Amino acid sequence: MARRSPQSPPPEQFEERILDIDVVDEMQGSFLEYAYSVIYSRALPDARDGMKPVHRRILYQMHEMGLRPDRGYVKCARVVGEVMGRLHPHGDSAIYDALVRMAQPFSMRLPLVDGHGNFGSLGNDDPPAAMRYTECRSAPAAGLMVESIDEDTVDFAPNYDGSEREPAALPAAYPNLLVNGASGIAVGMATNMPPHNLGEVIAAARHLIRYPNADLAALMRFVPGPDLPTGGQIVGMDGVRDAYASGRGTFRMRATVAVEPVTARRKGLVVTELPFTVGPEKVVAKIKDLVNAKRLQGIADVKDLTDREHGLRLVIEVKNGFNPEAVLAQLYKLTPMEESFGINNVALVDGQPLTMGLKELLQVYVDHRFEVVRRRSEFRRRKRRDRLHLVEGLLVALVDIDEVIRLIRSSENAAAAKEALIARFGLSETQTQYILDTPLRRLTRFDRLELEGERDRLTAEIAELTAILDSDAELRKLVSAELAEVSKKYATPRRTLLAEARPEGEAAEAVPLEVSDDPCRVLLSSTGLLARSADGDVAFDQRARRGKHDVVVSAVPSTARGEVGAVTSTGRLLRLAVVDLPQLPHSSSVPSLAGGAQLSEFLSLEPDERVVCLTTLDESSPGLAIGTEQGVVKRVVPDYPANKEELEVISLREGDRIVGAAELRSGEEDLVFITSDAQLLRYPASQVRPQGRPAGGMAGVKLGEGARVISFTAVDPAAEAAVVTVAGGPDTLDALGTAKLTPFDQYPRKGRATGGVRCQRFLKGEDHLAFAWAGAAPPRAATAAGAPADLPEPDPRRDGSGVPLAKPIAVVAGPV
C-alpha cells in the first residue's frame with residue numbers, strides 16, 4: 001500500500017479545524033490537572049487509612065494473593081509485577097521502594113510487610129537488595145488494615161483500564177496515619193507526619209469516641225508526643241503542641257548517648273539510638289570531616305560496632321583531658337546526632353488536601369471506622385437474613401416432608417414442582433429452589449434439630465446487629481472495644497523519651513571542653529590498680545572500707561593535667577600522665593580502687609619488674625629515698641628533665657634490685673631497713689647525702705651472712721607509726737607464719753651502715769622473715785588478691801615472738 005507523501009495535499013474529505021486557545025489558559029488547565037493527579041494519586045495519604053495509592057494497592061494485592069503471615073515468602077518481584085500490571089501503572093522502582101519502606105522497622109513504627117533478605121539499613125546507608133533477591137509476605141498489622149474488606153465495608157473503583165476494581169480506602173482497624181506517619185512532596189504542598197505509639201493513639205481515639213467534645217489537652221494526656229521507631233529523645237515540646245493544635249510545628253530529635261569507659265585509659269560516648277532517618281555512617285562521616293577541619297575537638301576515634309545481634313552501637317572515643325559532656329554538646333550542635341523534624345499534617349479528606357491537628361486526624365479516622373463497622377454490620381445482617389430465609393423454608397418442608405416428596409414426584413418437571421410447592425406451602429421462589437437443590441439425605445430428624453439451632457443463632461445475631469445499627473451508643477461501644485483488642489495485642493512500650501527544652505533566656509550550665517587542672521591524688525593499690533581521686537583534699541582512710549583493692553600502697557598529690565613518676569624495682573622512673581588515669585567518683589565515703597585500671601595499661605614493664613612507689617616530679621622536694629636488696633641506700637637529687645619519658649634514678653649492682661622507695665616530704669623522716677634475719681635499722685634521712693640520678697648510692701645497712709633487705713620505708717618520727725613482721729621457716733607458706741605488730745618508737749635510732757636491732761624472735765622451725773613493713777599507724781593488711789587479712793594485737797616487746805596468722809599477708813599499708 002502506497003504511503004501519502006508529506007508534501008501531498010490532504011484528501012478531499014479532510015476538514016481542517018484549528019482552535020485558537022490562549023496559551024496561559026492551556027498551561028493553567030494542564031498544570032492544575034497534573035497537580036491534582038500528583039496530590040490525589042501519588043504524594044498525599046488518605047486521612048482515613050493513612051495510605052497513599054501505591055501503599056494501598058500493595059497491601060490489597062498481597063491480600064488478594066493470599067500472602068498472609070502464616071504463609072511462605074514470595075519474591076518481591078512477583079508482588080511488584082502483580083501490583084504494576086493490575087493496579088498501579090507506574091515504574092517498578094516506585095512500587096518496590098514503597099514496599100521496602102513498609103518492611104523497615106526503623107521507618108515504620110508498626111511494619112506492614114514481613115521482609116526476608118536485605119531491606120536496607122538506617123539512613124539508607126546500605127541500600128536494599130534488588131527485588132529479585134528479596135522476599136516478602138504480609139505482616140500481622142497488614143491483616144488489620146484489610147480486615148473485613150470483603151464485607152462491603154469500603155467503596156471500590158475501577159483501576160486504570162477498567163479491567164479490575166480496587167478499594168478507595170482500606171478498612172484500617174487502627175489509626176495507621178498517626179501510628180506510622182507519612183511523608184510526601186506534591187505540587188505546591190507537602191506532608192511530613194511523625195510516627196506515634198499504637199497504644200497511645202488508640203487510647204486517645206477511644207477517649208474521643210466516648211467524649212466527642214474532648215479538647216486537645218485531654219487527648220494529649222494519651223498522646224504526649226511522637227514515638228519514633230529509632231527511639232532517641234525529643235527535646236522541646238512546644239513545637240509538638242503547636243503541631244497537634246494547628247497541624248504545623250517543629251521539634252528537635254536527639255540521639256541516646258551514654259558515657260562509658262571504652263578502654264582502661266579512655267572514656268567514650270556510646271550512641272545506641274539515633275534521630276529518625278539518620279544513619280550511623282552519616283554521623284561517622286560528619287564527625288570525621290569536622291575533626292579534619294579542626295572544628296570538633298576532643299575526639300580520638302569513632303567506631304561503628306552496629307550489628308544484627310546488638311543493634312546500633314556507635315562508639316566515639318574521647319581524648320584524655322576532655323570532658324565527655326562538653327564533647328557531646330559539640331556533637332549535638334555540629335552533627336546529625338541532633339536533627340529537627342518539621343511536622344506538616346497534610347492529608348486528603350474527601351479528596352481534598354487539608355492541614356489537620358491531632359483531634360481532626362483522630363476524628364476523621366473515628367468517623368471512617370464508624371462507617372466501616374456500620375457497613376460491615378449491614379452486610380452481615382443481610383447475609384444472615386438471607387440464610388435465615390432459607391433455613392425457615394427448609395424447616396417448613398421438614399414439617400411435612402412426605403407431602404413435599406409427593407408433590408415433587410407427581411410434577412412433570414422442576415418448574416412444575418416449584419409452582420406446586422409455592423402454592424402448597426406459601427414459600428418464596430428462593431426457598432423453593434433451595435429445597436429442590438437440597439439432597440434428601442439432609443432432610444432427616446437430626447438435620448432438623450441442627451437447622452432449628454441455626455435458626456435460633458441467626459435470629460440472635462440479627463437482633464444483635466440490628467441493635468448496633470439502630471443505636472449510635474452500641475456502635476461506638478463496638479468500635480471502641482475492637483480498638484482496645486488491637487491495642488492489647490499489638491501495642492508496645494514507648495521508645496522515644498520526651499523532654500522539655502530549657503526555658504527561653506535560661507543559660508545552659510557551662511561545661512568546659514577540657515578537664516580543668518584541679519588538684520587530685522594519684523593512687524596505687526596493692527593489686528596494681530591506678531586511679532586518681534576526684535578531689536585532692538580527700539584523705540584515703542584504709543580502715544573505712546574492707547573491700548577488695550582498697551589497700552593503697554602509694555599515693556602522691558598532683559593535678560588533673562599534671563604528671564607523676566613510677567619508680568620500678570630495676571631503678572627506672574617512668575612518667576605517667578595523670579589525665580590518662582581513670583577518675584574515681586566523688587563520695588563522702590572512701591572510694592574503692594576497683595574502678596581503677598591496671599598498671600600494664602599505662603606502663604611497659606619487664607617480666608620481673610614491679611612498681612615500688614609513685615613520686616611527684618617536683619624538683620623543689622627533698623628528693624627520693626631508695627633502698628635495695630643488698631643494703632644500698634640513696635637519696636636522689638630531684639632532677640627530672642621534661643623531655644624524657646624514662647629516667648634512671650640509681651645505678652644498681654649486678655643482681656641487686658630496689659625493694660622500697662619513698663618520696664621525702666620534709667627531709668626529717670627516718671629511713672628504715674628490715675632484713676630477712678629480723679634486724680631493723682632506723683636512722684635519720686639527713687645521714688644520707690643526696691646524689692645525682694646516675695649515682696649508685698652508699699651503704700645503708702650492714703647485712704649478716706646470707707641476709708637480704710626485705711623492706712625499706714621512710715617514716716615520719718613525729719607521727720604514730722608501727723612495724724609489722726612475719727616470721728617463717730622453710731616448710732611454711734610464704735608470709736603465713738607468725739606475725740608481730742610493734743609500735744615504731746620501741747626501736748632506737750642507730751648509725752647508717754650498722755646492723756640495727758632485732759625486731760622479732762624466731763620460734764622453733766622459723767629461720768627468716770617472710771614479710772616486713774614499717775610505716776604510719778594504724779596498719780592494714782591484705783592478701784595477694786587484695787582480700788583483707790587480720791593483724792595481731794600490738795606487742796610492746798621489741799624482739800618478742802609472733803602469733804600464728806590465718807591468711808598469708810602480701811601487703812601492709814597505713815593511712816595515706
One residue is enough: does region 667-679 have a residue meeting the conditions part of a loop (DSSP other than H, G, I, E, B), touching a Gly at 6+ places or on another chain (Cβ under 6 Å), at pLDDT below 95 and not acidic (Asp, Glu)?
no
Please find, among VAL633, VAL612, VAL579, VAL590, the residue that is at pLDDT below 85, among the β-branched types (Val, Ile, Thr) and under 28 Å from PHE771 (Cβ atoms).
VAL590
Considering region 193-217 alone, what residues qualify as being crowded, with 17+ Cβ neighbours inside 10 Å and not aliphatic (A, V, I, L, M)?
PRO194, PRO195, HIS196, ASN197, GLY199, GLU200, ARG206, HIS207
Could you tell me whether region 161-170 includes any residue that is within 31 Å of the chain's Cα centre (by Cα), crowded, with 16+ Cβ neighbours inside 10 Å and not small (Gly, Ala, Ser)?
no
Within region 141-163, is there a residue that is assigned to a loop (DSSP other than H, G, I, E, B), within 19 Å of GLU482 (Cα to Cα) and without any contact (Cβ under 8 Å) to a residue 40 or more places away in the chain?
yes
Restricting the first residue to region 744-763 and requiring it to be farther than 10 Å from LYS702 by Cβ, which pairs with a second residue that is crowded, with 16+ Cβ neighbours inside 10 Å and of a type in the set (Val, Ile, Thr) meet a Cβ separation below 6 Å and a spacing of at least six or different chains?
PHE744/VAL723; CYS759/THR725; GLN760/THR725
Tell me yes or no: at least one residue of region 382-400 is assigned by TED's automatic domain parsing to the domain that holds THR466, within 60 Å of the chain's Cα centre (by Cα), surrounded by fewer than 13 Cβ atoms within 10 Å (Cβ to Cβ) and among the acidic types (Asp, Glu).
yes
Got a sec? Which strands (runs of 3 or more DSSP E) wholly within region 242-325 have at least 3 residues that are of a type in the set (Val, Ile, Thr)?
256-261, 267-273, 314-318
Residues to consider are THR754, THR742, THR738; find the one that is more than 54 Å from the chain's Cα centre (by Cα) and surrounded by fewer than 20 Cβ atoms within 10 Å (Cβ to Cβ).
THR754
Taking LEU198 as meeting all but one of (1) under 18 Å from VAL79 (Cα atoms); (2) modelled with pLDDT of 95 or more; (3) in contact with a Pro (Cβ under 9 Å, 6 or more places away or on another chain), write down the number of the exception.
(1)
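Matching residues to (1) crowded, with 20+ Cβ neighbours inside 10 Å; (2) under 27 Å from the mean Cα position of the chain (by Cα); (3) among the charged types (D, E, K, R):
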position	(1), (2), (3)
ILE316	yes, yes, no
ASN320	no, yes, no
ALA326	no, yes, no
LEU334	no, yes, no
GLU339	no, yes, yes
VAL346	yes, no, no
THR355	no, no, no
Take the residues of region 420-455 that are charged (D, E, K, R) and exposed (fewer than 12 other Cβ atoms within 10 Å of the Cβ): which is modelled with the highest pLDDT?
GLU429
Is there a residue being assigned by TED's automatic domain parsing to the domain that holds LYS740, in contact (Cβ under 8 Å) with a residue 12 or more places away in the chain and crowded, with 22+ Cβ neighbours inside 10 Å anywhere in region 641-651?
yes
Flag if ARG682 is part of a strand (DSSP E or B) and of a type in the set (D, E, K, R)
yes
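The values are calculated or read from the model by the stated rules, or taken from the named source; none is laboratory data. The structure presented is a predicted model; accordingly, all values stated were derived computationally and were not measured. Methodologically, a virtual Cβ is constructed for each residue, glycine included, from the backbone with ideal geometry; neighbour enumeration extends over all protein chains shown.
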